[in-house]
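Okay, structure first, notes after.
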Ligand SMILES: NC(=O)c1ccc[n+]([C@@H]2O[C@H](COP(=O)([O-])OP(=O)(O)OC[C@H]3O[C@@H](n4cnc5c(N)ncnc54)[C@H](O)[C@@H]3O)[C@@H](O)[C@H]2O)c1
């Protein structure tokens, strides 16, 4: 380690959900700061394009593009062993993949139009499979390779809704048919902070750190009442810029956070402060 405690030189980092909004951003950031990265995405059709885009800015020797189905422990184990085969070990796992119904225009059709009282249990089960069991399976697979190498670091991606309920006023669109952030998202993300504490407490003496990052409202073309409501309700008066995810992830992935374990770092512009 050099004098820059935020350096990621030589770190081997595996990111799930790597083809998504936050995942693709932080993979680039980790590569820019010297890490070797496994970009573990979901959609196999996108893998080649991601490989090409990543290769335009970063040496092929420092990244691998892999696909993973996090609900399938065999797929997860294969992804982790690809990492070990390519880079010899795994230093940091970022559990970023999730089902997350978004309020940007591209995802309007996926939102909860049912009301919680009629919300299909099947959708709930799917979110438990991906957001809870997928996170567990990836963490287990990572720990199995980290522990024999003497340690490691797990970063879970939570949400402000891991800590507080969605405020219905955010989703009010003036039509009387306000949609709501679905309860399966809130329930499954609520699991992350205590799971993070469990892993942190269980493995602290074996040189494993585990922390979570809880973002809220990363701007991605949002508009209309949602954007206006967000600006009104947010203490900082705005959504997050995607690049504002960089600092928290680099902090937790690097030696800068060497005495930090078991926390959930809110990156919410103060949303949960009032
Ligand atoms: N964008 C935000 O404003 C925001 C706010 C709070 C929390 N988060 C959290 O940040 C993380 C990333 O969110 P994002 O905004 O980039 O969303 P995103 O939908 O762009 O990315 C999530 C990725 O997870 C992948 N995924 C879904 N199911 C999977 C499965 N079964 N196996 C493997 N991969 C699977 C998807 O393919 C997708 O690429 C999520 O955990 C989300 O809950 C995002």
DSSP bridge pairs, the chain: antiparallel proportion in percent, nearest 5: 5
Quotient of Cα Rg and 2.2 N^0.38 Å for the stretch 1-77, N being how many residues it contains: 1.11
Per-residue Cβ neighbour rank within 10 angstrom, fewest leading, 216, 114: 114, 216
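Calculated from DSSP H runs of 4 or more alone, at -39500 (n - 2.57) each and per residue, what is the 222 nm mean residue ellipticity of the chain, nearest 500? Walk me through the numbers before you get to the answer.
Working: 9 runs with 100 residues, N = 274.
One gets -11000 deg cm²/dmol as the mean residue ellipticity at 222 nm.
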Relative contact order for the chain, counting Cα pairs under 8 Å that sit 6 or more residues apart, in percent: 19
Separation in nanometres of the label points that stand 7 Å from Cα toward Cβ, at residue 51 and residue 231: 4.3
Ranked packing of 116-122, 226-232, 146-152, 21-27, most packed first, by mean Cβ within 10 Å: 21-27, 226-232, 146-152, 116-122
Distance between the stretch 238-262 and the stretch 1-22 - C-alpha centres, whole angstrom: 10
Extended-chain gain in nm, criterion 0.36 nm per residue less alpha-carbon gap, residue 43 and residue 144: 33.8 nm
Within the stretch 67-81: backbone nitrogen closer than 18 Å to the residue 198 label point (7 Å, Cα to C-beta): 71-73
Relative counts (whole %) of C-alpha pair distances in the chain, using bins that are 10 Å wide: 7, 29, 36, 21, 6, 0
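FYI, it's all coordinate maths here, none of it is from the lab. No experiment lies behind these values; they were computed from the predicted model shown. Methodologically, a virtual Cβ is constructed for each residue, glycine included, from the backbone with ideal geometry; neighbour enumeration extends over all protein chains shown.
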